[in-house]
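The structure is given below, and queries will be raised subsequently.
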Amino acid sequence: MKTKDIKVRLNDHVDVVSFRDGTFTVKKSYYWGATKDGSNLADKVKALIPEATILDYGNHYHGFVGGAKSGSPQDSYWWVKFKA
């Protein structure tokens, strides 16, 4: 699978899709959700891409920074690493 295919399948469910060393990483920014562990996004990835093998997932929390780019270190987001 290519990054473009992943973007098409996950469509509006993620903000950032990247690929490195055979592993895809997707990120979904949030404003409210600091108590969630990222499993909600992992479940969404598995539902939309059944052949995906979830490697890891998590929650990157950062205090509010106005104008932070989605998926940047100054943003809060859930992330999922998987192979497809």
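If I filter the range 19-27 for residues that are exposed (fewer than 11 other Cβ atoms within 10 Å of the Cβ) and among the aliphatic types (A, V, I, L, M), do I get at least one hit?
no
Go through (1) in contact (Cβ under 8 Å) with a residue 60 or more places away in the chain; (2) out of contact with any Lys or Arg (no Cβ under 9 Å at 6 or more places or on another chain); (3) loosely packed, with under 13 Cβ neighbours inside 10 Å one by one and return the number of the condition I6 breaks.
The one condition I6 does not meet is (3).
A follow-up question, please. Here are some residues: K69, K81, K44, K27. Which one is out of contact with any strand residue (DSSP E or B) (no Cβ under 6 Å at 6 or more places or on another chain) and either modelled with pLDDT under 90 or assigned to a strand (DSSP E or B) (or both)?
The conditions single out K69.
Which of the residues that make up the range 1-52 are among the small types (G, A, S) and at positive phi?
Selection gives G22, G33, G38.
So, in the range 47-66, exactly how many residues are part of a strand (DSSP E or B) and hydroxyl-bearing (S, T, Y)?
So the answer is 2.
Taking the range 38-52, which residues are farther than 19 Å from P73 by Cβ, of a type outside the set (S, T, Y) and out of contact with any helix residue (DSSP H, G or I) (no Cβ under 9 Å at 6 or more places or on another chain)?
Passing the criteria: N40, A42, D43, K46, A47, P50, E51.
Is there a residue in the range 54-73 that is within 10 Å of the chain's Cα centre (by Cα) and surrounded by fewer than 17 Cβ atoms within 10 Å (Cβ to Cβ)?
Yes, the range 54-73 contains a residue that is within 10 Å of the chain's Cα centre (by Cα) and surrounded by fewer than 17 Cβ atoms within 10 Å (Cβ to Cβ).
If I filter the range 13-24 down to residues being assigned to a loop (DSSP other than H, G, I, E, B) and in contact (Cβ under 8 Å) with a residue 60 or more places away in the chain, which single residue comes out as farthest from W79 (Cα to Cα)?
So, considering only residues that are assigned to a loop (DSSP other than H, G, I, E, B) and in contact (Cβ under 8 Å) with a residue 60 or more places away in the chain, the one farthest from W79 (Cα to Cα) is G22.
Could I ask something else about it? Out of (1) free of Cβ contacts under 8 Å to residues at least 24 places away in the same chain; (2) of a type in the set (F, W, Y); (3) closer than 20 Å to N11 by Cβ, what's the single condition that is false for W32?
With (1) free of Cβ contacts under 8 Å to residues at least 24 places away in the same chain; (2) of a type in the set (F, W, Y); (3) closer than 20 Å to N11 by Cβ applied to W32, the lone miss is (3).
The values are calculated or read from the model by the stated rules, or taken from the named source; none is laboratory data. Keep in mind that what you see is a predicted model, and the values were worked out from it rather than measured. A quick note on method: Cβ atoms are made from the backbone with ideal geometry, for glycine too, and the neighbour counts reach across all protein chains shown.
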